[in-house]
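Input: a single structure, listed below in structure tokens.
The values are calculated or read from the model by the stated rules, or taken from the named source; none is laboratory data. For clarity, every value in this text was computed on a predicted model and none was experimentally measured. Glycine also receives a Cβ, built like all others from the backbone with ideal geometry; neighbour counts cover every protein chain displayed. All accessible areas refer to the heavy atoms of the entire protein, side chains included, with ligands and DNA or RNA removed. Shrake-Rupley method; radii C 1.70, N 1.55, O 1.52, S 1.80 Å.
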Amino acid sequence: MADKKSDIGLVGLAVMGQNLALNIADHGFQISVYNRTASKTDAFVAENPNTPGGLVGTQTLEEFVQSLERPRKVIILVQAGRATDAVIDGLTELLEPDDIIIDGGNALWTDTIRREKDLNAKGFRFVGSGVSGGEEGARFGPSLMPGGKESAWNELKPIWEAIAAKVDADTGKPIDGAEPGKPVEGGVTCTTYIGENGAGHYVKMVHNGIEYGDMQMICEAYQLMGNLLGMEPKEMSETFGTWNEGVLDSFLIEITTDILQQTDPETGVPFVDIVLDTAGQKGTGKWTAVNALDMGISAPLIAEAVFARCISAVKDERVAASEVLKADVPGFDGDKEEFTQAIHDALYCSKICSYAQGFQLMREAQNEYDWNLNFGEISMIWRGGCIIRAAFLQKIFEAYQRDENLANLLLDPFFKSEIERCEANWRKVVAAGAIHGVPIPAFSSALAYYDSYRSARLPANLLQAQRDYFGAHTYERTDKPRGEFFHIDWPEADRPQLKM
Ligand code: ATR
């Protein structure tokens, strides 16, 4: 064991834990590591003998805790849920007042709120931090979303700022060159204090919900290119590659360009053609959609993205149904080049709506949990180091710079004019999906959201009348002030009966 106490410690040496530990050590911090299965610790330390800060392997939690400089800072990166609670319980036996536990897993934000309360009551400090960017992000620069008491964040800040991704302040482009041991000079760091208790994990969850939406939208573009335009993966790859030079420039478009180039090593066919069309999920998209329903906030695109994965998963049923439900739809005979541009525009407009929905969720959650979220800063720290990293986030950042109380991204002058510019193509694509029988739930749901949001009058008047009819739920009147409720005594005679 090293003579010097470590700057920080990390529990949980699965893929994310190992990569984050190496990133921290590369930036000159000495880090102690502990894993329940000690052989993993030994192998990890043996494989990485010469990091600038140094890795200190420990065999027991006692040894681990004793190896840390006070106030101790312990990052937990184990499975979210019960494993996190088990590790926290073990640590609290050994830590001392003022020590800080940092949960870097994908915790449900309400668990983070509960944990912080419990730990504060015992005299400890707690930071629930979203860590985005997967394995690569953890290793070379993640986007980090810390929540908790500001005093705890201030202790963690130098390390979090050193290891996070960096982007160019003016363009928002990620700065490459995060070579191990050579911290990037300048640029904006992709971490900032998000807010009290569960705010960091909440924002990370919305990030993941947005990521579900982004992925689904790209898949819909891919399906339209294939089904309607007969494009082969290589040609699609070229198109996505071109899109990546413009407003859609993002990590997910970039990896899609690569994936569509790839051939299957075994058969030589395009790799995407050999991948079974059933999607998995770990639950953060579902949490986002459930939370939207719980708070009564309209975020249909994120929900559609989750449902799209659900229906993809019933492959056998779909194959059977495809033999029975044969829609009589015409083939596509439009102009290929024009329609490709239309798909681009549909993706762009839908993406604007998706982000608008994500930010609406955060806006409501901050009222619910008494947070004070800075939407400009949140979009800024998503510009690098995470899966939804995109040039587009710079525009969201600028929108909130113009008006920090913006009611909806759709109302920002830039996004308003972008949608106006691309709207006709968006409508064309959604209509084509319906006419030619191609399911594009995210594109069409986004358009319905846009059209609903810009409607001064929706048909909910009839809906409320129905509620008053069968349940005496009352209604407000267009000719009376809001908040006054009325009820009509619907005549008993001639009423339709529920029992036939
Ligand atoms: P992956 O990234 O591989 O999916 P994970 O399953 O999310 O990882 O997390 C696994 C990590 O959580 C491992 O470090 C695991 O320790 P082991 O190597 O001993 O399995 C750790 N872990 C899971 N449950 C734990 C528990 N109850 N107590 C302590 N560590 C636990």
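The condition of being open to solvent by less than 10 Å² (accessible area, probe 1.4 Å), part of a strand (DSSP E or B) and under 20 Å from residue 13 (Cα atoms) holds for only one of 137, 130, that being 130. Evaluated against (1) within 16 Å of the ligand (Cβ to nearest atom); (2) surrounded by 24 or more Cβ atoms within 10 Å (Cβ to Cβ); (3) at positive phi, residue 172 falls short on exactly one condition, (1).
Of all residues being in contact (Cβ under 8 Å) with a residue 60 or more places away in the chain and charged (D, E, K, R) in the range 348-400, which is farthest from residue 189 (Cα to Cα)? Just the residue, please. My answer is 368.
I'm trying to understand the selection: among the residues of the range 422-440, which are touching a Leu at 6+ places or on another chain (Cβ under 8 Å) and either of a type outside the set (A, V, I, L, M) or without any contact (Cβ under 8 Å) to a residue 24 or more places away in the chain (or both)? First the steps, then the outcome.
Residues of the range 422-440 that are touching a Leu at 6+ places or on another chain (Cβ under 8 Å), as a first pass: 426-427, 429-430, 432-433, 436, 438, 440.
Within the range 422-440, 426, 427, 433, 436 meet the criteria.
Residue under question is residue 379, and the condition is that it be touching a Phe, Trp or Tyr at 6+ places or on another chain (Cβ under 6 Å) and either open to solvent by less than 60 Å² (accessible area, probe 1.4 Å) or under 23 Å from residue 298 (Cα atoms) (or both); does it hold? Taking the combined requirement at face value, the residue satisfies it.
Within the range 450-466, count every residue that is closer than 15 Å to residue 408 by Cα and either open to solvent by 90 Å² or more (accessible area, probe 1.4 Å) or modelled with pLDDT under 95 (or both).
Keep residues of the range 450-466 that are closer than 15 Å to residue 408 by Cα, which gives 450-455.
The next check asks that each one be either open to solvent by 90 Å² or more (accessible area, probe 1.4 Å) or modelled with pLDDT under 95 (or both); those that pass are 453-454.
Matching residues across the range 450-466 total 2.
The condition of being assigned to a loop (DSSP other than H, G, I, E, B), closer than 28 Å to residue 311 by Cβ and without any contact (Cβ under 8 Å) to a residue 24 or more places away in the chain holds for only one of 498, 458, 463, that being 458. Do we find that residue 484 is open to solvent by 90 Å² or more (accessible area, probe 1.4 Å), more than 30 Å from residue 343 (Cα to Cα) and either touching a Leu at 6+ places or on another chain (Cβ under 8 Å) or outside any helix (DSSP H, G or I) (or both) in this structure? The answer is no for residue 484. A residue that is in contact with a His (Cβ under 6 Å, 6 or more places away or on another chain), surrounded by 12 or more Cβ atoms within 10 Å (Cβ to Cβ), among the aromatic types (Phe, Trp, Tyr) and touching a residue at least 40 places away in the same chain (Cβ under 8 Å) can be found somewhere in the range 319-336.
Can you tell me which residue in the range 11-55 is least open to solvent (accessible area, probe 1.4 Å), limited to those that are near the ligand (Cβ under 8 Å from one of its atoms), more than 19 Å from residue 130 (Cβ to Cβ) and not β-branched (Val, Ile, Thr)? Per the stated criteria, the residue is 13.
Assess whether residue 406 counts as being hydrophobic (A, V, I, L, M, F, W, C) and in a helix (DSSP H, G or I). Quick ask: steps written out before the conclusion?
Details: hydrophobic (A, V, I, L, M, F, W, C): yes; in a helix (DSSP H, G or I): no.
Taking the combined requirement at face value, the residue does not satisfy it.
Only residues in the range 248-268 that are assigned to a helix (DSSP H, G or I) count as the first member; pair them with residues that are among the β-branched types (Val, Ile, Thr) and open to solvent by less than 80 Å² (accessible area, probe 1.4 Å), Cβ under 7 angstrom, at least 6 apart or cross-chain, and list the lot. The qualifying pairs are 251/387; 252/218; 252/387; 253/218; 256/218; 259/272; 260/272. Within the range 196-235, being farther than 13 Å from residue 354 by Cβ, crowded, with 24+ Cβ neighbours inside 10 Å and not hydroxyl-bearing (Ser, Thr, Tyr) holds for 197, 198, 199, 200, 201, 203, 204, 205, 221, 224. Count of the range 29-55 residues, restricted to those that are in contact with a helix residue (DSSP H, G or I) (Cβ under 8 Å, 6 or more places away or on another chain) and not hydroxyl-bearing (Ser, Thr, Tyr), is 10. Of the numbered criteria (1) open to solvent by 20 Å² or more (accessible area, probe 1.4 Å); (2) within 16 Å of the ligand (Cβ to nearest atom); (3) at pLDDT 95 or above, the one residue 79 fails is (3). Across the range 82-94, the qualifying residues are those that are of a type outside the set (Gly, Ala, Ser) and either surrounded by 23 or more Cβ atoms within 10 Å (Cβ to Cβ) or within 9 Å of the ligand (Cβ to nearest atom) (or both), and the one among them that is farthest from residue 7 (Cα to Cα) is 82. Applying the set (1) of a type in the set (Val, Ile, Thr); (2) under 24 Å from residue 423 (Cβ atoms); (3) in a loop (DSSP other than H, G, I, E, B) to residue 352 leaves exactly one unmet item: (3).
Among the residues of the range 401-421, which ones are among the aromatic types (Phe, Trp, Tyr) and without any contact (Cβ under 8 Å) to a residue 40 or more places away in the chain?
Answer for the range 401-421, where residues must be among the aromatic types (Phe, Trp, Tyr) and without any contact (Cβ under 8 Å) to a residue 40 or more places away in the chain: just 414.
If you go through the range 387-437 and keep only what is within 22 Å of the chain's Cα centre (by Cα), aliphatic (A, V, I, L, M) and open to solvent by less than 10 Å² (accessible area, probe 1.4 Å), you end up with 388, 390, 393, 396, 399, 409. Check whether at least one residue in the range 57-68 is surrounded by fewer than 19 Cβ atoms within 10 Å (Cβ to Cβ), within 16 Å of the ligand (Cβ to nearest atom) and at pLDDT below 95, and report yes or no. Within the range 57-68, not a single residue is surrounded by fewer than 19 Cβ atoms within 10 Å (Cβ to Cβ), within 16 Å of the ligand (Cβ to nearest atom) and at pLDDT below 95.
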